[in-house]
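Below: the structure, in structure tokens.
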Amino acid sequence: MDTRSRKRLVSRGYGDGLGQAIELIAAPIILALFGAFLDSRFHTAPLFFLILFVFGAAGTFAAAYYRYRDRSAALDKDKPWTRRAERT
């Protein structure tokens, strides 16, 4: 692997990490702000704020979990510890 390919691979990893970090923070905050707007509109105190914040946080954590699971499965593909023992 040449130097340019290695630098691109490392840079792509930073981009993925930054994107995931922004997703983990931005989605719940945006939904919470929308919930606060709905609360002010319908006079429901923190009801929509809390519901939408929890929904956003749960959704981003679920997405991160499934992304991690898929990436781990792809990296473990064809590794010795993932092969089934051949039965005779």
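The values are calculated or read from the model by the stated rules, or taken from the named source; none is laboratory data. What you see is a predicted model, and the numbers here were worked out from it, not measured in a lab. Please note: Cβ atoms are built from the backbone with ideal geometry, for glycine as well, and neighbour counts cover all protein chains shown.
When the criteria are applied in full, Arg4 fails the requirement of being under 24 Å from Tyr68 (Cα atoms), in a helix (DSSP H, G or I), of a type outside the set (A, V, I, L, M) and modelled with pLDDT under 85. Kindly indicate the residue of the range 12-45 that is at pLDDT 95 or above and outside any helix (DSSP H, G or I) and also farthest from Tyr68 (Cα to Cα) among those meeting that condition. Once the filter is applied, the top-ranked residue is His43. Taking the range 25-57 as the range and being touching a Pro at 6+ places or on another chain (Cβ under 9 Å) and of a type in the set (A, V, I, L, M, F, W, C) as the test, the residues that pass are Ala36, Leu52, Phe53, Val54, Phe55, Ala57.
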